[in-house]
Amino acid sequence: MAMLLHSLTLALLLYTLYKLRKAHLLLFGLRDQARQDSVTQFRQLEALQGLYVELKLKASLPATRDWAASPDFLLQVARHARMARPLCVVECSSGTSTLVLARCMQLNGAGKVLSLEHDPHYAELTRQQLRHHGLQDWARVLDAPLVPHQLSGEPWPWYDIGALPETGIDMLVIDGPPQFTRALARYPAGPLLFPRLAVDAAIFLDDAARSDETAIVQRWQREFAALKLSSRVCEKGCAVLVNAA
Ligand SMILES: C[S@@+](CC[C@H](N)C(=O)[O-])C[C@H]1O[C@@H](n2cnc3c(N)ncnc32)[C@H](O)[C@@H]1O
């Protein structure tokens, strides 16, 4: 009897120790996660402040979380647009990025942003924001519904690009269409727009840390040998490809 009691107490003790260790590991995990989250949030605030300072913005930007490009990505895009002074900028999906790019064109005193937007509601919202910021002369939001494109024998729903120039795109910012439209949703930017790029044009791909985007970049590199790839440290990933053709 004493032996049984002894064994039961030991089992209970071991179980309690096991549970305690699990709780201990969980707490440390949560602490590390909380630290990492606050570092990430702080970096975004630093990047957002950088945007307001470097672009001397007179009105607030719309949200830069969730659906929008993050401040660190927008800052990379803005710095390139200010330094390289592209005259023709095309972007896939409108929103906060349109305002940032249009403001760069205004500060440069030259250039135009052509923003492809598949959703008429958000196209109109971005146009309103451009007017609110006094940037309507520097960017045009193009109503570009997702239409079927036949690429490598496969159908891809992608923007109607009828209103884009055939050549001379100096900068391309890819942040759409949304991922749910199909697997590798942003791939068609390659076959449909890369042949229209100027020499030394830069392509910025948002969300480059996702597995879909990683696969897209690999495929582009296989299909467009002249592209030189680099990356920027951004929370969602940022791939930069330069057309060295
Ligand atoms: C990944 S988001 C990126 C939008 C844009 N490049 C930016 O940085 O804000 C893609 C889509 O979000 C949608 N969108 C634009 N403005 C929005 C808003 N205020 N709220 C929710 N969705 C929006 C648009 O349909 C856009 O094509």
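How long is the gain from LEU87 to VAL233 if the chain were fully straight, where each residue apart is worth 0.36 nm and the alpha carbon distance is subtracted?
Extra length available between LEU87 and VAL233 comes to 50.0 nm.
Might you work out the accessible area of ASP207 for me, using a 1.4 Å probe with all protein chains in place, and round it to the nearest 10 Å²?
20 Å²
Below 8 Å between Cα atoms, with a sequence gap of 6+, how large is the relative contact order for the chain in percent?
About 14 percent, as a whole number.
Ranked by accessible surface with a 1.4 Å probe, highest first, in what order do VAL147, VAL141 come?
VAL147, VAL141
Using Cα positions and a limit of under 19 Å, work out the aspartates and glutamates in reach of LYS58, with same-chain residues fewer than 8 apart set aside.
In chain and number order, the partners are GLU46, ASP137.
Please give every one of the lysines within straight-line cross-link reach of LYS56, meaning a C-alpha to C-alpha distance under 29 Å, and leave out same-chain neighbours fewer than 8 residues apart.
Of all the lysines, those that pass the test against LYS56 - Cα under 29 Å, at least 8 places apart if same chain - are LYS112, LYS236.
Which percent, to the nearest 5, of DSSP beta bridges fully inside segment 60-243 are antiparallel?
Rounded to the nearest five, the antiparallel share is 45 percent.
Taking the Cα-to-Cβ direction at ALA63 and at MET3 and moving 7 Å from each Cα, how far apart do the two end points lie in nm?
6.7 nm
Between the helical axis of 71-84 and the dominant principal axis of the chain, each derived from Cα atoms, what acute angle in degrees is found, rounded to the nearest 10?
It is inclined by approximately 30 degrees.
How much length is gained if the chain between ARG140 and ALA110 is pulled fully straight, taking 0.36 nm per residue apart and subtracting their Cα-Cα distance, in nm to one decimal?
9.4 nm
Among LEU26, LEU61, LEU164, which one moves the most in a GNM of the chain with springs linking Cα atoms closer than 10 Å?
LEU26
Which order do you get for LEU10, LEU101 if you rank them by accessible area with a 1.4 Å probe, largest at the top?
LEU10, LEU101
Could you check the simple spin-label distance between SER211 and THR16, using points 7 Å along Cα→Cβ, in nm with one decimal?
Those two pseudo-labels are separated by 4.3 nm.
Projected onto the charge dipole of the chain (+1 at Lys/Arg Cβ, -1 at Asp/Glu Cβ, origin at the Cα centre), which of ALA198, PHE42, GLN179 gives the Cα projection farthest towards the positive end?
About the Cα centre, the residue reaching furthest to the positive side is PHE42.
Under 4.7 Å Cβ to Cβ, no partner at all: give me those cysteines from the chain, in residue order.
That list is CYS88, CYS92, CYS104.
First obtain the Kirkwood hydrodynamic radius of segment 76-215 from its Cα pairs, then insert it into the Stokes-Einstein equation at 20 °C and 1.002 mPa s, and state the resulting D in µm² per second as a whole number.
Roughly 142 µm²/s, to the nearest whole number.
Would you mind working out the accessible area per residue for segment 60-243, using a 1.4 Å probe, and quoting it in Å²?
So segment 60-243 comes to 42 Å² accessible per residue, rounded to a whole number.
What does the charge dipole of segment 60-243 about its Cα centre add up to, to the nearest 20 debye, if the Cβ of each Lys and Arg holds +1 and the Cβ of each Asp and Glu holds -1?
Once rounded to the nearest 20, the dipole reads 460 debye.
Could you tell me what percent of the accessible area of the chain is made up of carbon and sulfur, with a 1.4 Å probe and every protein chain present?
61 percent
Can you compute the FRET efficiency between HIS132 and ARG79 using 1/(1 + (r/R0)^6), with r the Cβ-Cβ distance and R0 = 30 Å? Round to the nearest 0.05.
With a Förster radius of 30 Å, E is 0.80.
Roughly what would the spin-label model give for ASP32 and TYR52, points 7 Å off Cα along C-beta, in nm?
It is 3.4 nm.
Protein chains only, probe 1.4 Å: how do HIS133, HIS118, HIS24 rank by accessible area, largest first?
HIS24, HIS118, HIS133
The values are calculated or read from the model by the stated rules, or taken from the named source; none is laboratory data. Just so it is clear, the model here is predicted, and its values are computed rather than measured. Quick reminder, even Gly has a Cβ in these numbers, built from the backbone with ideal geometry, and neighbours come from all protein chains shown. Surface areas here come from the heavy atoms of the whole protein model, side chains and all, with no ligands, DNA or RNA. Shrake-Rupley method; radii C 1.70, N 1.55, O 1.52, S 1.80 Å.
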